[in-house]
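Inspection log for the structure reproduced underneath, given as structure tokens.
The values are calculated or read from the model by the stated rules, or taken from the named source; none is laboratory data. Worth saying up front: this structure is predicted, and the values here are computed from it rather than measured. Neighbour counts are summed over all protein chains in view; Cβ atoms, including those assigned to glycine, are modelled from backbone coordinates with ideal geometry. Keep in mind that these areas ignore ligands, DNA and RNA; they rest on the heavy atoms of the full protein, side chains included. Shrake-Rupley method; radii C 1.70, N 1.55, O 1.52, S 1.80 Å.
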Amino acid sequence: MRILHLEPQRYPKEAKDLLEAQGPIDFADCHDPERLLKLVAEQPYTAVFVKLGLSFDAAFMDACPTLTHLVTPTTGLNHIDLKEAEQRGITVLSLKGETELLDTIKSTAEHTWALLLMLMRHLQEATADV
């Protein structure tokens, strides 16, 4: 099994070690669809950890014929052609329906409001003054 991970930033060592135990893993910070197609055509990847902003469609799956798993840390799956993946026997793993786990994660909206309040009330400067 060879794994491609497209989200290498701040990836925990423990998680990396678990993945490496499954087989070789390549980390690539890729934002360009054409570069992605070249990348997967060069190696026989069986699993790809995907990222938003890229499309994982028939063209991608054609370029990566050994693919058996697509993994996405999202609940939305509109960046993956699910019908095409199913027809090819590719398993798609996501956070969709993982309500128990998702209930423990603070939402982006909450964080945004907290940051807005911090900026409006000058909390960073106030903390530095104290």
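Percent of Cα pairs in the chain per distance bin of 5 Å, from zero to the largest separation: 2, 9, 16, 18, 16, 12, 8, 7, 5, 4, 2, 1, 0. Among ALA85, ALA15, ALA63, the largest mean-square fluctuation in a Gaussian network model of the chain, built with springs joining Cα atoms closer than 10 Å, belongs to ALA15. Residues considered: LEU82, LEU101, LEU37. Largest GNM mean-square fluctuation over the chain, using C-alpha springs under 10 Å, is found at LEU101. In this view, the solvent-accessible surface of ARG35, computed with a 1.4 Å probe and all protein chains in place, comes to about 100 Å².
Distances between placed amide hydrogens fall under 5 Å for PHE49 paired with LEU4, HIS5, LEU6, VAL71, all partners being 5 or more residues away or on another chain. Legend: P(r) of region 85-130 from all alpha carbon pair distances, 10 Å bins from 0, whole percents, reading 20, 25, 21, 18, 9, 5, 0. In this simple spin-label model, placing a label point 7 Å from the Cα along the Cα-to-Cβ direction at both ASP29 and HIS122 gives a separation of 3.4 nm. Centre-to-centre separation between the Cα atoms of region 91-108 and those of region 32-65: 24 Å.
A Gaussian network model of the chain, with springs between Cα atoms under 10 Å, assigns the largest mean-square fluctuation among HIS69, HIS111, HIS31 to HIS111.
The alpha-carbon of LYS83 sits under 20 angstrom from the alpha-carbons of these lysines, leaving out residues fewer than 8 places away in its chain: LYS51, LYS96. Per residue, the Cα convex hull of region 9-82 amounts to 97 Å³.
Each stretch of four or more DSSP H residues adds -39500 (n - 2.57); spread over every residue of the chain, this sum gives -11000 deg cm²/dmol at 222 nm. Remark: the LEU18-VAL71 segment gains 17.6 nm on full extension, using 0.36 nm per residue and subtracting the alpha carbon distance. Taking the Cβ-Cβ separation of THR112 and LYS83 as r and a Förster radius of 30 Å, what is the calculated FRET efficiency to the nearest 0.05? FRET efficiency, THR112 to LYS83: 0.35. Against the chain, whose longest principal axis is taken from its Cα atoms, helix 108-120 shows a tilt of about 30°.
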